[in-house]
Amino acid sequence: MLTDRRGHAISTVEPRAAVALDEAIAHLVGRRSALTPTLARVRELDPDCVMGQVLTGMMGCGVRKLSGLEAAREAYAAAAAQRDQVSARERLYVDVLESAIAREPDAVVERLSAILEHCPTDLLASVLLQGELFWTGDMQRAEAESARVDAFWCSSIEGYADWLALRAFDLEETGDLALAERLGRESVERDPNNLWGAHSVAHVLEMKGESAEGIRWLDELKGGWDAGGPMKYHLWWHRCLCHIEQGQFEAALEIHDTWIRNSELPFQKALPDFYLDIQNGASNLIRLELQGIDVGERWQVLANAIEGSWDDLSNPFTTLHVAMVLAATGQLGRQQALLNNVNALASEQQSALARTYRGVPVVLEFIAAHRAGRHQQVVACGASSRASLWQLGGSHAQRDVLFQLLFDSARRCQDYALITSIHSDLERIGFVHPLGRVAYRDAA
Ligand SMILES: [Fe+2]
């Protein structure tokens, strides 16, 4: 029987397709750019390989854009045609893809969880599950899911370093910084090119406020990121957070122009509006502006990148960053249209995607109000939205930009009650000594 390196069956008549599929899974888990060509090779060797089509479809959904769904539907059709010929685990994967295309995150989660019930070391399922829960704001569930299968893992299982990296991120987002750091560092000791391990530790250091160590950590590892996919640009964004914290604004701008928004990078040339890159770019510019830095024409560069997809409502957290770009470039008509579209989507009762968008309108309002200098309005929005920002998805470090905006307005309005409340929020979230940080220091 053909299997992946953890012993899970791969249904295909072509042994070379099984080998290529196993490599593709390793590239996906390792966040490496070779995923795309390796998956193409699987399809070339055996177009009927169900898991090759499932992965292709999940990648189409994974770009979190409407335009990715067409390729996903084609892949689903090919996979569904073979569904009766494959193992129960592979059939569940076909169902996962069906739910992802239908944009039903709850069903995706339940089906991936069902796979792990029977195949606890199926690293592909764990990675996909963590991603889905991350973007729907449910890292408590993510931590519970990884805790459930953790006992089945040991160092002799292939992919153990990736497992440690995954587990570390769940622990970091749910507050166990010490264990998260230990597992994250171990994952990188075992595999220095492990992007997700580097990322988990970068998050821990961000929560602990250890920005000098964050720069050292990322600088030491950056030589191993050449094979990385877009995650490596997100690691550069993490490094910007550290530089901003250190008051090294020129360094953050230089990284922005080299790694966060650079049309010469082949990936950004091919996919200029990739959701994570838009989030990285907008978040970095806002943080710099909040420190009084003139970011020049950089907002317009981001605006150009989203010109064809600013109204794509596939991911709430991306929509927030699109709103930042529209506000910063004075696109008031589109800003209002985006709000109208989000309100319409959020009011749909039957849509699972709608639920993930319910907290977005108030955030769009305070992003626009902050840019327009209507700080009393920002403060009013903050009072009603602070407690539910986690539901928007993303990490604590990413959502911090929203607290920074609220805090800036609270400071300008001398609203000490809100300042105090945000301080409590940040401590409860897990930031160590938040009022010592550059974004919050002055009002402290
Ligand atoms: Fe991150």
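Below are the figures for this structure:
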| quantity | calculated |
| --- | --- |
| Number of positions in segment 422-444 that are among the hydrophobic types (A, V, I, L, M, F, W, C), open to solvent by less than 20 Å² (accessible area, probe 1.4 Å) and farther than 20 Å from LEU171 by Cβ | 1 |
| Residue, surrounded by the most Cβ atoms within 10 Å (Cβ to Cβ), within segment 230-264, restricted to residues that are part of a loop (DSSP other than H, G, I, E, B) and more than 14 Å from the ligand (Cβ to nearest atom) | ARG261 |
| Selection status of ILE419, within 16 Å of the ligand (Cβ to nearest atom), of a type outside the set (Asp, Glu), open to solvent by 10 Å² or more (accessible area, probe 1.4 Å) and in contact with a helix residue (DSSP H, G or I) (Cβ under 7 Å, 6 or more places away or on another chain) | no |
| Residue among GLN350, GLN376 that is surrounded by fewer than 16 Cβ atoms within 10 Å (Cβ to Cβ), at pLDDT below 95 and away from the ligand (no atom under 16 Å from the Cβ) | GLN350 |
| Count of residues meeting criterion [touching a residue at least 40 places away in the same chain (Cβ under 8 Å) and either touching a Lys or Arg at 6+ places or on another chain (Cβ under 8 Å) or open to solvent by 10 Å² or more (accessible area, probe 1.4 Å) (or both)] in segment 140-172 | 4 |
| Candidates LEU320, LEU338, LEU364, filtered to the one that is closer than 19 Å to SER283 by Cβ, of a type in the set (A, V, I, L, M), buried (at least 16 other Cβ atoms within 10 Å of the Cβ) and in contact (Cβ under 8 Å) with a residue 60 or more places away in the chain | LEU320 |
| Candidate set: segment 379-395, residues that are closer than 21 Å to SER200 by Cα and open to solvent by 30 Å² or more (accessible area, probe 1.4 Å); chosen: the one farthest from the ligand (Cβ to nearest atom) | GLN391 |
| Single residue of segment 265-281 satisfying the filter (touching a helix residue (DSSP H, G or I) at 6+ places or on another chain (Cβ under 7 Å) and of a type in the set (A, V, I, L, M)) that is farthest from the ligand (Cβ to nearest atom) | ILE278 |
| Filter result for the condition that a residue is closer than 23 Å to ALA24 by Cβ, within 14 Å of the ligand (Cβ to nearest atom) and not assigned by TED's automatic domain parsing to the domain that holds HIS433, over HIS203, HIS199 | HIS199 |
| Residue within segment 254-271 that is on the phi > 0 side of the Ramachandran plot, at pLDDT 95 or above and over 16 Å from the mean Cα position of the chain (by Cα) present | no |
| Looking only at segment 238-253, and only at residues there that are among the hydrophobic types (A, V, I, L, M, F, W, C) and within 23 Å of PHE431 (Cα to Cα), the one that is farthest from the chain's Cα centre (by Cα) | PHE249 |
| Qualifying residue in segment 386-409 (condition: touching a Pro at 6+ places or on another chain (Cβ under 8 Å) and in contact (Cβ under 8 Å) with a residue 40 or more places away in the chain) | yes |
| For LEU179: the one exception among (1) surrounded by fewer than 19 Cβ atoms within 10 Å (Cβ to Cβ); (2) under 26 Å from THR319 (Cβ atoms); (3) free of Cβ contacts under 8 Å to residues at least 24 places away in the same chain | (2) |
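Residue by residue, here is whether (1) more than 16 Å from ASP162 (Cα to Cα); (2) open to solvent by 30 Å² or more (accessible area, probe 1.4 Å); (3) among the basic types (Lys, Arg) holds:
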residue: ARG5; (1), (2), (3): no, yes, yes
residue: SER11; (1), (2), (3): yes, yes, no
residue: ARG16; (1), (2), (3): yes, yes, yes
residue: ALA20; (1), (2), (3): yes, no, no
residue: HIS27; (1), (2), (3): no, yes, no
residue: ARG32; (1), (2), (3): no, yes, yes
residue: LEU39; (1), (2), (3): yes, no, no
residue: ARG43; (1), (2), (3): yes, yes, yes
residue: GLN53; (1), (2), (3): yes, no, no
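The values are calculated or read from the model by the stated rules, or taken from the named source; none is laboratory data. Source: prediction; values computed, not measured. Because the Cβ atoms are built from the backbone with ideal geometry, glycine has one as well, and the counts that use them run over all protein chains shown. For accessibility, only protein heavy atoms count, side chains too; no ligands or nucleic acids. Shrake-Rupley method; radii C 1.70, N 1.55, O 1.52, S 1.80 Å.
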